Amino acid sequence: MATSVKSTIEFMRLVGQLKRVKRTGWVNSKVEEPESVADHMYRMAVLAMLIPEGQGLRRDHCVKMAIVHDLAESIVGDITPLDGVSKEDKYKREKDAMNHIGSLINPDVGSELCALWQEYEDCATQEAKFVKDLDKFEMVLQAFEYETLQNRPKQLQDFFDSTKGKFMHPTVIDWVQEVYRQREGQSEETS
């Protein structure tokens, strides 16, 4: 069946919803003006462009995956581990959402979006592992920025603790270590 203009507009509106879905972790931590899911996905996509050459990763593939990885949240919202939803239920909700989203557009593009999301969920490729690292790193970087911009030194420690020792890609590990150094230096300045 050919994609109708009406369903394409529905797809665009769903994607637009991501600009209004605030990241739950920041809302729960009472961050002022928390980022949206779209904000998070945008910076992840830009970060994916920073992959050093010669690392065996397909840069464009990582950029696409970063753009798609939270697309289901346009329907299901930003579900966190603290929301009392099992991993299985979260996965099913998001998979159903992705299938719906993919059905609204050209079948080739819809299949690609769903395949990128599934690859990310399965974390079976080097690209998916890298993008998972970017997801965690972007959160840590954002936490550091909120602590700095809102004069909340060390008040978002839970976000750092939840990712400690979980990074795998050497470039991302370097970035994380630098954020930690800057964060530590900042706390020394305020004491």
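The values are calculated or read from the model by the stated rules, or taken from the named source; none is laboratory data. None of the values given here were measured: they were computed from a predicted structure. All Cβ positions, glycine included, derive from the backbone under ideal geometry; neighbour counts span all protein chains shown.
Pairs linking a residue in region 55-77 that is modelled with pLDDT of 95 or more to a residue that is among the small types (G, A, S) and crowded, with 22+ Cβ neighbours inside 10 Å, with Cβ atoms under 8 Å and 6 or more positions apart or on different chains, are R59/A48; C62/A48; V63/A48; M65/A48; A66/A48. Scan region 62-85 and tell me whether some residue there is closer than 29 Å to N151 by Cα and hydrophobic (A, V, I, L, M, F, W, C). Checked against the condition, which is being closer than 29 Å to N151 by Cα and hydrophobic (A, V, I, L, M, F, W, C), region 62-85 yields at least one hit.
Tell me whether region 42-57 contains one or more residues that are basic (K, R), in a helix (DSSP H, G or I) and either under 29 Å from D158 (Cβ atoms) or within 13 Å of the chain's Cα centre (by Cα) (or both).
Filtering region 42-57 for residues basic (K, R) gives 43.
Next, from what is left, pick out any that are in a helix (DSSP H, G or I): 43.
Next, from what is left, pick out any that are either under 29 Å from D158 (Cβ atoms) or within 13 Å of the chain's Cα centre (by Cα) (or both): 43.
So far as region 42-57 goes, yes, one or more of its residues are basic (K, R), in a helix (DSSP H, G or I) and either under 29 Å from D158 (Cβ atoms) or within 13 Å of the chain's Cα centre (by Cα) (or both).
Applying a threshold of 6 Å to beta carbon distances and a minimum spacing of six or more residues, or different chains, the list of pairs starting in region 141-169 at a residue that is closer than 24 Å to M41 by Cβ and free of Cβ contacts under 8 Å to residues at least 40 places away in the same chain and ending at one that is assigned to a loop (DSSP other than H, G, I, E, B) and of a type outside the set (S, T, N, Q) reads A143/L156; E147/P153; E147/L156. Against the list (1) within 28 Å of K154 (Cα to Cα); (2) crowded, with 17+ Cβ neighbours inside 10 Å; (3) not acidic (D, E), the condition P81 fails is (2).
Has region 29-37 got any residue that is on the phi < 0 side of the Ramachandran plot and either surrounded by fewer than 16 Cβ atoms within 10 Å (Cβ to Cβ) or free of Cβ contacts under 8 Å to residues at least 12 places away in the same chain (or both)? Before you say what the answer is, go through the steps one by one.
As a first pass, look at region 29-37 and keep what is on the phi < 0 side of the Ramachandran plot: 29, 31-32, 34-37.
Within this subset, residues satisfying the condition of being either surrounded by fewer than 16 Cβ atoms within 10 Å (Cβ to Cβ) or free of Cβ contacts under 8 Å to residues at least 12 places away in the same chain (or both) are 32.
Yes - at least one qualifying residue is present in region 29-37.
Filter region 40-54 for residues that are at pLDDT 95 or above and either buried (at least 18 other Cβ atoms within 10 Å of the Cβ) or of a type in the set (K, R) (or both) and give the result. Within region 40-54, H40, M41, R43, M44, A45, L47, A48 meet the criteria. Here F11 meets the list (1) more than 16 Å from the chain's Cα centre (by Cα); (2) in contact (Cβ under 8 Å) with a residue 12 or more places away in the chain; (3) outside any helix (DSSP H, G or I) almost entirely, failing just condition (3). Taking helices (runs of 4 or more DSSP H) as the structural unit, those lying wholly within region 79-191 and holding at least 1 residues that are touching a Leu at 6+ places or on another chain (Cβ under 9 Å) and modelled with pLDDT of 95 or more correspond to 87-103, 107-122, 126-149, 170-190. Would you check if C62 is under 25 Å from S162 (Cβ atoms) and assigned to a helix (DSSP H, G or I)? So C62 fits the description; yes.
If you go through region 64-105 and keep only what is within 15 Å of the chain's Cα centre (by Cα), aliphatic (A, V, I, L, M) and under 26 Å from S4 (Cβ atoms), you end up with I67, V68, L71, A72, V76.
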